[in-house]
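Single-structure report; data block below.
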Amino acid sequence: MTKKKKNKKISIIAKNDFADNRASMIIKTALDRIANKLLSLKEPSESIKKVRKLLKNKDKDKILEKALEKYYNKEDLKPYQAELIKLQKHFEKTGRKMIILCDGRDASGKGGTIRRIVRYMNEKHYRVVALGKPSKDQQTQLHIKRYVEQFPRAGEIVLFDRSWYNRAMVEPVMGFCSPKQYKRFMKKISSYERNFAGDGSTILLKLYFSVSKDEQAYRFTRRQNDPLRQWKLSEVDLQAQDLWDEFTEKKYVMLKKTHSPKTQWHIIKSDNKHLARLNTMRLILSSAKYNGRSRKLNFKPDPKIVVPGNKELKVMEKQRKKFGRFLS
């Protein structure tokens with residue numbers, strides 16, 4: 001293998017293996033700086049030794065800091081992931097059910113949060129539902145029907161990675177439904193939700209993951225440049241930034257029409273992924289009583305991260321009054 005090819009191999013490995021987040025980019029940048037001096041990747045241990053010798057102290061400090069941050073963030077979630085197992089067992093014993101809707105803009109952190117929530121849970125008693133485009137037959141049926149078909153049985157938790165609220169935001173903005181279909185959905189959905197959430201055995205949690213425009217742009221750029229994430233880019237993603245204001249307007253109407261004490265929205269501020277994941281777990285755990293709850297953990301969501309839908313509405317209305325438009 002020539003020196004040029006070896007250097008290219010180093011760059012590709014650094015890019016693919018460490019393109020996980022901002023911390024990974026620090027590692028990649030440091031490796032790229034010394035790539036010309038790394039002539040062998042035969043054994044990982046050999047490469048690690050060479051990297052340690054060639055890295056500057058400031059690079060080592062940055063990498064150590066980010067590696068520790070990533071480690072402690074992971075450890076920070078584990079006690080709550082253990083509590084989620086207790087909650088799941090309680091549902092199994094009592095026959096209770098939980099529906100968790102994870103909605104929000106593209107690249108707002110829905111999927112990553114869901115993966116952390118179910119990481120250690122019993123696969124037999126939870127499902128993650130991410131429905132694609134409706135079939136021709138489904139297009140002729142009631143919009144919510146195909147979602148109702150995925151509802152949990154007794155003792156089960158179902159998490160929707162996007163839900164029937166596609167019709168409240170994505171579909172009208174992108175022209176995937178007619179104005180008449182949109183208006184009918186907005187008029188009827190709250191009564192549907194009160195019916196299935198009011199049966200005494202089903203808990204409905206509606207989560208809207210809220211990402212800033214700049215952070216969304218950063219995450220889209222990362223997806224474009226990372227071959228392991230490019231599959232996440234869709235036609236809707238590519239237009240999301242240009243249609244930011246239209247999506248925001250639909251968000252406001254959705255909260256205005258569908259937030260109520262019994263079917264309330266929780267806005268998850270998700271620019272900081274770790275805090276969004278941690279506080280989403282706290283919210284889920286505080287939504288139901290279960291046996292064996294830890295007395296040492298803080299189950300109260302951070303009010304700066306988890307905002308009730310009615311408070312988000314007030315914030316948005318103040319923005320419109322002051323700036324003439326919504327900002328969030």
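The values are calculated or read from the model by the stated rules, or taken from the named source; none is laboratory data. Keep in mind the model is a prediction, meaning the values are calculated, not measured. Cβ sites come from the backbone with ideal geometry, for glycine too, and all protein chains shown count toward neighbours. We work out accessible area using only protein heavy atoms, side chains counted, and drop any ligands, DNA or RNA first. Shrake-Rupley method; radii C 1.70, N 1.55, O 1.52, S 1.80 Å.
In a simple Cβ point-charge model (Lys, Arg +1; Asp, Glu -1; nothing else charged), the chain has a dipole of about 700 debye relative to its Cα centre. Within the full protein context, the accessible area of Asp32 is estimated at about 60 Å² for a probe radius of 1.4 Å. Taking θ as phi - 60° and the Karplus parameters 6.51, -1.76 and 1.60, the scalar couplings of region 145-160 work out to 4, 5, 7, 4, 5, 9, 5, x, 7, 4, x, 10, 10, 10, 10, 9 Hz in sequence order, x denoting glycine and proline.
For the chain, the share of DSSP beta bridges that are antiparallel, to the nearest 5, is 10%.
Based on protein heavy atoms only, the chain ends up with 57 Å² per residue of surface accessible to a 1.4 Å probe. Across Tyr120, Tyr218, Tyr72, the residue with the most accessible area heads the list, and the full order at a 1.4 Å probe is Tyr72, Tyr120, Tyr218.
Between the entries (i) 20.6, 68; (ii) 22.7, 69; (iii) 19.6, 61, the label attached to Rg and Dmax of the Cα atoms in Å calculated for this structure is (ii).
With a threshold of 29 Å on the Cα-Cα distance, the over-threshold entries among Lys213/Lys311; Lys262/Lys322; Lys28/Lys273; Lys93/Lys314; Lys89/Lys183; Lys250/Lys322 are Lys262/Lys322; Lys93/Lys314; Lys89/Lys183. Distance between the modelled labels on Asn225 and Arg325, one decimal in nanometres: 2.7 nm (7 Å Cα→Cβ projection).
Take Cys177: with every protein chain present and a 1.4 Å probe, its accessible area is about 20 Å². Among the chymotrypsin sites (Phe, Trp or Tyr not before Pro) in region 287-328, those located in a DSSP loop and surrounded by at most 15 other Cβ atoms within 10 Å of their own Cβ are Phe299. For the chain, the 222 nm mean residue ellipticity estimated from helices alone, with every DSSP H stretch of n ≥ 4 adding -39500 (n - 2.57) and the total spread over all residues, rounds to -17500 deg cm²/dmol. For the residues Lys62, Lys97, Lys257, Lys262, a 1.4 Å probe over the protein chains yields an accessible-area ranking, largest first, of Lys262, Lys257, Lys62, Lys97.
Here the Karplus relation 6.51 cos²θ - 1.76 cosθ + 1.60, evaluated at θ = phi - 60°, turns the backbone of region 245-252 into coupling constants of 5, 5, 5, 5, 4, 5, 4, 4 Hz, with x for every Gly and Pro.
Distance from the C-alpha centroid of region 92-147 to that of region 159-186: 16 Å, rounded to the whole angstrom.
The aspartates and glutamates whose alpha-carbon is closer than 14 Å to the alpha-carbon of Lys56, local same-chain residues fewer than 8 away aside, are Asp32.
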